[in-house]
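A.B. asks: This structure is in structure tokens; I'll ask about it shortly.
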Amino acid sequence: MGSVSNPLLITALMLAISNLFMTFAWYGHLKNMASSPWYVAALASWGIALFEYLLQVPANRIGYTSLSLGQLKILQEVITLSVFVPFVVLYMNQPLKWDYLYAGLCLMGAVYFIFRT
């Protein structure tokens, strides 16, 4: 792959979009396909997951040029929670819970420890 001017920014943006697809693939069927057989939901989820992987794989390759594997994983987890919480509240109509804040605080600790030098 060629040189990327800001690998962290490009990686984070690609992973955020990838996470949107991932979240819909994993959980969207609970709302949209509740009356469908599980195997129909699984096939639809696989179709959505293809787009996740088309972004996630190159994002990780770009990110790995300037981040350690641990840093890349923690970045992914922070992005996952950042996408999941709005999805749960806005799309799935679930209540916002204090537990999401506590989970975010734990991830902030993980970010601190994995990115400190």
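The values are calculated or read from the model by the stated rules, or taken from the named source; none is laboratory data. Note that the structure is predicted; figures quoted are calculated from it, not measured. We place every Cβ from the backbone using ideal geometry, glycine too, and count neighbours over all the protein chains shown.
A.B. asks: Filter region 91-105 for residues that are surrounded by 12 or more Cβ atoms within 10 Å (Cβ to Cβ) and hydrophobic (A, V, I, L, M, F, W, C) and give the result.
C.D. replies: Met92, Leu96, Ala103, listed by residue number.
A.B. asks: Only one of (1) under 12 Å from the mean Cα position of the chain (by Cα); (2) modelled with pLDDT under 95 fails for Ile114. Which number is that?
C.D. replies: (1)
A.B. asks: Given Thr65, Thr80, Thr23, which one is under 18 Å from Met108 (Cα atoms), hydroxyl-bearing (Ser, Thr, Tyr) and touching a helix residue (DSSP H, G or I) at 6+ places or on another chain (Cβ under 7 Å)? Show your work before the answer.
C.D. replies: Values: Thr65 fails: under 18 Å from Met108 (Cα atoms); Thr23 fails: under 18 Å from Met108 (Cα atoms).
Among Thr65, Thr80, Thr23, only Thr80 is under 18 Å from Met108 (Cα atoms), hydroxyl-bearing (Ser, Thr, Tyr) and touching a helix residue (DSSP H, G or I) at 6+ places or on another chain (Cβ under 7 Å).
A.B. asks: Would you pick out the residues in region 21-35 that are exposed (fewer than 15 other Cβ atoms within 10 Å of the Cβ) and without any contact (Cβ under 8 Å) to a residue 60 or more places away in the chain?
C.D. replies: Within region 21-35, the first condition is being exposed (fewer than 15 other Cβ atoms within 10 Å of the Cβ), and the residues that meet it are 30-32, 34-35.
Hits for region 21-35 are Asn32, Ala34, Ser35.
A.B. asks: Also: Looking only at helices (runs of 4 or more DSSP H) that lie completely in region 1-104, which have at least 2 residues being touching a Leu at 6+ places or on another chain (Cβ under 9 Å)? Before the answer, list the steps.
C.D. replies: On the way: elements: 7-23, 29-32, 38-63, 69-86.
In region 1-104, 7-23, 38-63, 69-86 are the helices (runs of 4 or more DSSP H) which contain 2 or more residues that are touching a Leu at 6+ places or on another chain (Cβ under 9 Å).
A.B. asks: Step by step: first the residues of region 1-59, then only those that are more than 24 Å from Leu69 (Cα to Cα) and of a type in the set (Val, Ile, Thr), then the one that is farthest from the chain's Cα centre (by Cα). Which residue is that?
C.D. replies: Per the criteria, the residue is Val40.
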